Structures are given as C-alpha cells and as structure tokens.
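What follows draws every value from the coordinates through simple rules; no lab data is involved. Nothing here was measured: the structure is a model prediction, and the numbers come from that model. So basically every Cβ, Gly included, is an ideal-geometry build from the backbone, and we count neighbours across all protein chains shown.
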Amino acid sequence: MATTCEAIQELLTEHLGETERLSDEERRHVELCPQCCEVAAGESALGLIFARVLPPADPTVEGRVRSAMKTARRRRRVLALLPVAASLLVALLGAVMLGGLPGGSLLALLPVWSSQGWVSLAASMADWNAVFTTAAGATTALLSPGVLAAAILVSLAGIGVIAIAARRWRQVSPWRDIG
Amino acid sequence: MSFEKASDEQLVRFALDGDEDAFTTLVRRYQRRLTAFLSQLVGDVELARELSQEAFIRAWSALERFDPKYRFSTWLFRIGHNLGIDHLRRRRLKTVALHRTDREGDEVELVVEDTTKDPLGHFENTELAGSLKGAIEELTAEYRELVLLRHFGCLSYQEIAEFKQMPLGTVKNKLFRAHTVLRKALAAFL
Ligand SMILES: [Zn+2]
C-alpha cells in the first residue's frame, strides 16, 4: 500500500469515513483510488454501528453521586481538622517544654472577660511580658541548651503544621467562598 | 453561564470552588461514555454503572489533587480504568474464571452470558451485537483497549494519546490497524 493511501486511510479511520473532513486533494484521491474508497465506505458503516454502543443513561447515578458527594465533603472536613488538632497538641507540648503555660490566671488576663476594656488589655500585656520573662529565665536556668533548642524546634514545627493545616482546612471549609 | 455549555476545565474550576452543580454536569457529560467503556472492560453493564459511580465519587474527593495540565476526561477514565482492573483482579482471585488465549497469546477472560448485564444488550440487532462483541474480543489487548477508549469512551485521539502516554501518530496507526481487523470481522454488516 502506498504511503499516501495509508495516510489517507488513517484519516478516514479517524473521521469514520467522513470525506468532508479531508482536504480537497485527499478527497480527490479517495474518489479515484478503489482501496481508499472501500475503506471510506467501510468506515462510514462502522461509524453507524459504533454510534449505537452507548448504553442508555441511568438517571439514578446522578442522584447517588450527588448524595455521596455531600458525605465525602463532610468526611474531608473532619479529616482536614485532624492535623489541626494534632498540631495544636504538638505546639502545646513545645510550650510546656519551654517552661509551662500560665495557669489559672490565663482567663483573667483576657480583655474579653474584663470590664475595664483597653486598660485591662494593656495591663494584661504587661502581665504576659512578665510571665514570659520569668518563664524564659527559669527555663534557661533549669534546662540544658540542647533540650531548649529541641523544645524551640518542636514549637516552631507545631506552628508550621498549624499554618499548613489551616490552609488545607480553608480549602474544604464551607466559608471558602466568602471574601 | 450555562453549565451545559461550559468546558470541562471551567466546570472543574467551579467544582473546586464547591459548586456541586458544576460537578454534576460533568457526571451527566461522562456517565454514559464511562459506563460504556467500563462495561466492555468488565463485561457487565450493571457493574460498570456501579464502577463509574465510584469513579465519579473518587474524582470529586480528589479534585484538589487534579492537575489541570491534563484533561479531566483522561483523568476520570484513568480512575475508572483502575477501578475496573482492580475489580477484574479481585474477581480472578475469588472465582475460577474461564480463560482462553487470543492470537497474540494474551489471556482473555470469558464472561458468562447474561443478557440483562450484556453491555450491548440494548442493541436491537442481537446478531450484530454478538458479532461486534466477538470482533472486539478477537483484537489484541492493546488494540482492544484503544477501540474501547475511542468508540465506547468516545475519547478523541489526543485524549487517548494522553491517557496511554503514547505519541499521537502511534495512536492513529494502531487504531487504523485495529479498524482494519474490525472491518474484516464485521464485513457482513458493513
Ligand atoms: Zn488510496
């Protein structure tokens, strides 16, 4: 078979015998070449058979997929929250290793709970500063530099994981469209 | 914008923004084609419907991992194809399957006849359906897969090249050869 014939027959196969899809020159070749003409006719007939192979649509599939989509979305949200919870634990562990969290006074320091508003906020900031300075001093005195460095690393890793998890969670959160 | 007229890429973007209607449009667009392709792969149209449903759910669940440099169609068909192959493997392990060897030595699974599950059961001309089924089964595994992707999955040559990670010219040539075999086998109906 000549190269031209093979190339044209490949095209006829691709377009299922539709000679309108060929160039003028190719179409003329098909008209004059018995082999290519036979392939064109055969491909048209094959095309008619293949046009019937799709099964009828099943209308129930769409509904079933839709309800599964909702379940999958809920599951994703829960799964996406797991690393957030895990990373909070890691960060908490790092903070504890660094000298402990301020205990019962924590709530009292929050300006939300105070009737004194901004004054209270300023005071609490000062308190926090004192807490951290004392905690840092005590930690440096008690812990070896190696342990301290490890604790800082764990804390940083925790913060990093929180940031990544928060981004992931935002992608599947129901409020992602807002803003 | 009407979802029906939107491109796959646009629909994927809307679906990524949480629009379930956009993804449902993709389901409607590909459901019959994916079912037709899978029904030939597993030899059972009911099972193919279940597998295509599962493929859509997996696609939805993994949509964030979809790489937009590929086409949605090829990605979806790959998910469906993998589900079909996994199913065939499990079935081979569970049951004593009937096999025969085709001309090139590839194993072909013979599916027990059941007209309600027959992928071509909707054909009015049962003789033609039987001959088409036989002709496709006679093809080598590679040609058969290309024919299924092209005529049952209705994928373009470009999409098939992407799906098979094969040069476009090779797809054209192999499909031409596969069609030559099919034309001969179905000569009585052409
Ligand atoms: Zn010719």
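Quick notes on this one:
- The long axis of helix B:20-42 is offset from the longest Cα principal axis of chain B by roughly 10 degrees.
- Between B:GLU20 and A:ALA163, the C-beta separation translates, for a Förster distance of 25 Å, into a calculated FRET efficiency of about 0.30.
- Each listed q (0.14 Å⁻¹) maps to a log10 I(q)/I(0) for chain B, found by the Debye formula over equal Cα scatterers with no solvent: -0.86.
- B:ALA62 versus A:ALA51: modelled label distance in nm, points set 7 Å from Cα along the beta carbon direction: 3.6 nm
- In plain terms, the chain from A:ALA130 to A:LEU142 could stretch by 2.5 nm, reckoned as 0.36 nm per residue minus the Cα-Cα distance.
- Listed by chain and number, the lysines whose alpha-carbon sits under 28 Å from that of B:LYS172, ignoring those within fewer than 8 places in the same chain, are B:LYS69, B:LYS133, B:LYS164, B:LYS184.
- With R₀ set to 25 Å, the beta-carbon distance separating B:GLN158 from B:THR180 gives a calculated FRET efficiency near 0.70.
- Potential lengthening of the chain between B:LEU93 and B:ARG78 amounts to 3.1 nm, from the contour at 0.36 nm per residue minus the alpha-carbon distance.
- In this label model, B:THR170 and A:ASP24 are separated by 3.8 nm, measuring between points 7 Å along each Cα→Cβ vector.
- Cα-based Kirkwood hydrodynamic radius, the stretch B:1-92, one decimal, Å: 13.4 Å
- Protection proxy ranking of A:6-16, B:178-188, A:144-154 - average other beta-carbon atoms within 10 Å, highest first: A:6-16, B:178-188, A:144-154
- Relative to the dominant Cα principal axis of chain B, helix B:126-138 is inclined by about 90°.
- Every Cα-Cα pair of the stretch A:19-96 was included, and the share exceeding 20 Å stands at 68 percent.
- Simple label model, 7 Å out from Cα along Cβ direction - A:GLN35 to B:ALA187, nm: 1.6 nm
- Tail fraction, Cα-Cα pairs, the stretch B:123-190, threshold 20 Å, whole percent: 29 percent
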